[in-house]
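Undergrad: Take a look at this one; I'll ask things after.
The values are calculated or read from the model by the stated rules, or taken from the named source; none is laboratory data. The structure presented is a predicted model; accordingly, all values stated were derived computationally and were not measured. Here the Cβ positions follow ideal geometry from the backbone for every residue, glycine too, while neighbour counts run over all protein chains shown.
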Amino acid sequence: MPVRIDPDSMGFLVTDVARLIRAEMDRRIAEAGLGLTAGEGRTLVHIARAGAVRQTDLAERMGVEAMTVTGFLDRLESKGLVERVPDVADRRAKRVLLTDAAEKLLEKITPLSAGLRADASAGLSPEEWARFLDVLKTVRTNLTAARSVGAAA
């Protein structure tokens, strides 16, 4: 008897939602005419979230290869949107910072994100949406703790 896979299991649902969010945000960034590729826009948003971040950590946070992030950063740096500075804790590493120009560009991306959230939460009350986010945070915390335990073993 063939193995039955539940297409609505947690892993599939989270993956599908993440893929749909990414694709829709990519579309909105492209249509906004900001002069950025979707990957460059994602990179800026991740740097804004993380603060001064090492390139390798940025790649991990974004779920892409280090070389992919390097390409994004090269283009963003040439546009004057990011700056790479030596990491005082490790001279071999670089930290990435946003410039003032990037901050201005992020002000244009913020309404795109808000629109996407509004579309995603359609039909949910504000309380339901807040509860949904709380549940996602709990799942993230649980999986982060499980990962830490697994790494220590």
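Undergrad: Could you check the range 31-61 and list, in sequence order, the residues that are touching a residue at least 40 places away in the same chain (Cβ under 8 Å) and closer than 19 Å to G115 by Cβ?
TA: A32, L34, L36, G41, L44, V45, A48
Undergrad: Looking only at the range 29-42, decide whether some residue is within 27 Å of A89 (Cα to Cα) and modelled with pLDDT under 95.
TA: yes
Undergrad: Let me ask another. Scan S78, S113 and give me the residue that is surrounded by 15 or more Cβ atoms within 10 Å (Cβ to Cβ), of a type in the set (S, T, Y) and in the same structural domain as A30 (by TED's automatic domain parsing).
TA: Of the residues listed, the single one that is surrounded by 15 or more Cβ atoms within 10 Å (Cβ to Cβ), of a type in the set (S, T, Y) and in the same structural domain as A30 (by TED's automatic domain parsing) is S113.
Undergrad: Now a separate question. Just to verify a result, which residue in the range 31-40, among those that are outside any helix (DSSP H, G or I) and of a type in the set (A, V, I, L, M, F, W, C), is surrounded by the most Cβ atoms within 10 Å (Cβ to Cβ)?
TA: Once the filter is applied, the top-ranked residue is L36.
Undergrad: While we're on this one: Regarding E65, is this residue charged (D, E, K, R) and surrounded by 17 or more Cβ atoms within 10 Å (Cβ to Cβ)?
TA: Against the criterion (charged (D, E, K, R) and surrounded by 17 or more Cβ atoms within 10 Å (Cβ to Cβ)), E65 does not qualify.
Undergrad: I'd like to verify a number: residues in the range 41-60 that are of a type in the set (K, R) and surrounded by 15 or more Cβ atoms within 10 Å (Cβ to Cβ), how many?
TA: Qualifying residue count, the range 41-60: 2.
Undergrad: Now a separate question. Taking the range 8-30 as the search range and keeping residues that are touching a residue at least 40 places away in the same chain (Cβ under 8 Å) and over 21 Å from K137 (Cβ atoms), which one is surrounded by the most Cβ atoms within 10 Å (Cβ to Cβ)?
TA: Here the answer is I29.
Undergrad: List the pairs whose first member sits in the range 108-129 and is over 21 Å from V14 (Cβ atoms), whose second member is of a type in the set (S, T, N, Q) and surrounded by fewer than 11 Cβ atoms within 10 Å (Cβ to Cβ), and whose Cβ atoms are under 7 Å apart, counting only residues at least 6 apart or on separate chains?
TA: If the second residue must be of a type in the set (S, T, N, Q) and surrounded by fewer than 11 Cβ atoms within 10 Å (Cβ to Cβ), no pairs are left.
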